[in-house]
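The values are calculated or read from the model by the stated rules, or taken from the named source; none is laboratory data. Since the structure is predicted, the reported quantities are computational estimates derived from the model, not experimental observations. Cβ coordinates were reconstructed from backbone atoms using ideal geometry, including for glycine residues, and neighbour counts include every protein chain displayed. These area figures cover heavy atoms from the full protein model, side chains too; ligands, DNA and RNA do not enter into them. Shrake-Rupley method; radii C 1.70, N 1.55, O 1.52, S 1.80 Å.
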Amino acid sequence: MHAAADQLAETSRIVAIPGDVSNPGHRAQLAAAVQELGRLDLLVNNASLLGPSPQPSLADYPLDVLERVYRVNVVGPLALIQLFLPALRATGGRILNVTSDAGVEGYEGWGGYGSSKAALEQLSRVLAAEESGVRVYWVDPGDMNTQMHQEAFPGEDISDRAPPEASVPGFLRLIEGDLPSGRYRAADLVTSGAPAG
């Protein structure tokens, strides 16, 4: 995180605050930083918790762990949205919720994570209908070579997956462009420039 913050600080004013979005104290720190900066144009809800590794079937999924997955993947983003909506309304800002194809497809062993992402997708859909002055995007970044993806496939070689930076141009198109609120796949935005639903 510090390396990314240092790089961004070369072109922007950065306040880096590591923490847990499901923690109200951390969210209060984020709110104080926005207050100090004076405005907010973009909220990116990228925090995610996979859950157990390897992924258990729903029949065996520990409910206390499922509650934690939902607190991080659904409740935390909504809490941040509620906290920052006034600032985003004031700037005509954007909300970008990072979801997954696991939120729209039924993959064996992905019931906990996938159902949390499905909830985030529906939350985003409703928010887009309710908040016409703020653009709301829910984005599937695609399969990526990340630590979380490796945890989902313990012992497997996932080096054939794209690196996270391959999705960046798609995300930038949403952040800097004029696409309407909706669901997008980052890869589609990169390759064709056309939105996908």
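Do we find a residue being more than 15 Å from the chain's Cα centre (by Cα) and in a helix (DSSP H, G or I) anywhere in region 113-123? No, region 113-123 contains no residue that is more than 15 Å from the chain's Cα centre (by Cα) and in a helix (DSSP H, G or I).
Would you check if Gln29 is closer than 27 Å to Thr146 by Cβ, touching a Gly at 6+ places or on another chain (Cβ under 7 Å) and part of a helix (DSSP H, G or I)? Walk me through it before giving the result.
Numbers: closer than 27 Å to Thr146 by Cβ: yes; touching a Gly at 6+ places or on another chain (Cβ under 7 Å): yes; part of a helix (DSSP H, G or I): yes.
It is true that Gln29 is closer than 27 Å to Thr146 by Cβ, touching a Gly at 6+ places or on another chain (Cβ under 7 Å) and part of a helix (DSSP H, G or I).
Ala59 falls short on exactly one of the conditions (1) in a loop (DSSP other than H, G, I, E, B); (2) over 19 Å from the mean Cα position of the chain (by Cα), and that condition is (1).
Looking at region 82-102 only, could you name the residues that are open to solvent by 10 Å² or more (accessible area, probe 1.4 Å), under 22 Å from Leu179 (Cα atoms) and assigned to a helix (DSSP H, G or I)? Across region 82-102, the qualifying residues are Phe84, Leu85, Pro86, Ala87, Arg89, Ala90, Thr91, Asp101. For region 4-16, give me each residue that is surrounded by 12 or more Cβ atoms within 10 Å (Cβ to Cβ) and either closer than 27 Å to Asn73 by Cα or touching a Ser or Thr at 6+ places or on another chain (Cβ under 7 Å) (or both). The answer is Ala5, Leu8, Ile14, Val15, Ala16. Provide a single number: the residues in region 124-182 that are in contact with a Pro (Cβ under 6 Å, 6 or more places away or on another chain) and either on the phi > 0 side of the Ramachandran plot or assigned to a helix (DSSP H, G or I) (or both). Adding up the residues that qualify gives 1.
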